[in-house]
Amino acid sequence: TAPPERLTDTRMDQPEIDALRQLLNNQGRRLRFPDLLEQEFQQDYIRRYHSHMRVSGFLGVLAILACGLLDPFWMPEQAGALWQLRILTAIPVLGILAICNTSIAKAHMQPIIALCACLFMACVVGLSLRSAIPFNYFYAASISIVMLAVFVLTRLQFIWGCLTAAIMLVIINTGYAVIGKVDPRMLITVNFIALSSALFSLVGTFLIERSLRQNYLQARLLAFENHDLGEANLRLQYLTAIDGLTRIANRRSLDMSLITEWQRAMRKQEPLGVVMIDVDHFKLFNDTYGHLAGDECLRGVAGALQGFARRPGDLAARYGGEEFVLVLTNANPQQARTVAERVRDGILSLSIPNHRSSHGNVTISLGVASIIPSTQMSGPEVLLLAADQALYRAKQSGRNRVVVDGEPEHVSQGAA
């Protein structure tokens, strides 16, 4: 019945939630969050897509090498030189990908993928320049495939995509215009293919990243809302389980706990004890000191009772009005009586003044019952009834005393 942590905080980080909603509603072109949120997004991005980016790199190497299987059939004379280019590209790319599991590499996956993509583009340009006609056109056309694969499949972010596209265009023009010195018509065609592919690829990259960022914002909002919902449910469970005045378990919690402990005691064949407690002359106390003082008195008694319900399964609860119940697991009549005596002494030690009592302070009467449950019994209400009858005997015998159900009229009481 202890209050859950952060119970009074029903909304977490409301300013951050509002900022997330504002970012989510913003349909602008800027793919950038505030610094702290951007850092968290990048960490989440790496965690989600690190393996995806590595696999894309390995697939790129596989594609470069697999296409070389046809070189001996297409261009037997150039096959050796073409394979040299493939190997010179595959080895550094595989070396880079091999170290991508390190923490430093994980933090720099975007530039790593951009570097690998530029190596692939340089390889394709080299293959095109060294291939025989008409296969050189085939490799030139594959520039578009490389760009689409790099920008769409590798999860390369837009800013790195723009930088990679610019470097690729430099590589293409350096290869074809400076090194290869190709025909101007060929150069124009290749640039047209490269620019068109880059444009469409970057648009796709932009849309994908914007979608991923929106999904990230929605996921964070959902996490906050689920947390708030969980706290609200926890608060509701707490409020429905405790008594509003005394802040200990209420009658509903008592009934549920008794059913659970009754069944457990029946399985283990252990005694289950109950102490029913009534504050003596409480109506007179209320009439004398007022209802506010009466409420304080009940809170004090409840607080003291909680100290006697510390074992797993034990429970201190308000039964109703000025009556309380203490559930004691695995407690026989003698053990339950001992606890009840300590409870009676504990309430006396509170020294709550009550001039209408012969003792000068608030006292309590206690009825004790302990049963080993069996299938022949109707349920825990049998135990409550026995404790209630013992409590009635305690009150009839003069109050401020403990009476155990089933025992002879031997009572314990404080000094008059």
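The values are calculated or read from the model by the stated rules, or taken from the named source; none is laboratory data. Model, not experiment: these values are computed from the prediction. Glycine gets a Cβ as well: all are built from the backbone with ideal geometry, and neighbour counts include every protein chain shown. Note: areas computed on protein heavy atoms with side chains; ligands, DNA, RNA excluded. Shrake-Rupley method; radii C 1.70, N 1.55, O 1.52, S 1.80 Å.
Laid out as a table, the results:
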| quantity | calculated |
| --- | --- |
| Exposure ranking of PHE135, PHE192, PHE151 by accessible area [1.4 Å probe, largest first] | PHE192, PHE135, PHE151 |
| Length released on extending from VAL178 to LEU199, taking residue separation times 0.36 nm less the Cα-Cα span | 5.2 nm |
| For the chain: relative contact order, % (alpha-carbon pairs under 8 angstrom, 6 or more apart) | 13 |
| Portion, in percent, of the accessible area of the range 256-304 that falls on carbon or sulfur, probe 1.4 Å | 57 |
| Cα-centred dipole magnitude for the range 312-357, charges only on beta-carbon of K, R (+1) and D, E (-1), debye, nearest 20 | 80 |
| MET168, MET256, reordered so the largest accessible area comes first (probe 1.4 Å) | MET256, MET168 |
| Rounded percent of accessible protein surface that carbon and sulfur make up, the range 100-181, 1.4 Å probe | 76 |
| Under 22 Å from LYS395, Cα to Cα: lysines that are on another chain or at least 8 residues apart | LYS283 |
| Nearest-20 debye value, the chain charge dipole, Cβ charges on Lys, Arg, Asp, Glu | 1140 |
| Relative contact order for the range 73-230, counting Cα pairs under 8 Å that sit 6 or more residues apart, in percent | 24 |
| Per-residue [θ]222 nm for the chain (sum of -39500 (n - 2.57) over DSSP H runs n ≥ 4, rounded to 500) | -21000 deg cm²/dmol |
| Relative contact order (percent, whole number), the range 273-416, Cα cutoff 8 Å, 6+ residue spacing | 28 |
| Rounded to 10°, Cα long-axis angle of helix 333-349 versus longest principal axis of the chain | 90 |
| Solvent exposure of the chain as accessible area per residue, Å², 1.4 Å probe | 52 |
| Degrees separating the helix 381-396 axis from the principal Cα axis of the chain, which is the longest one | 40 |
| Degrees separating the helix 14-25 axis from the principal Cα axis of the chain, which is the longest one | 30 |
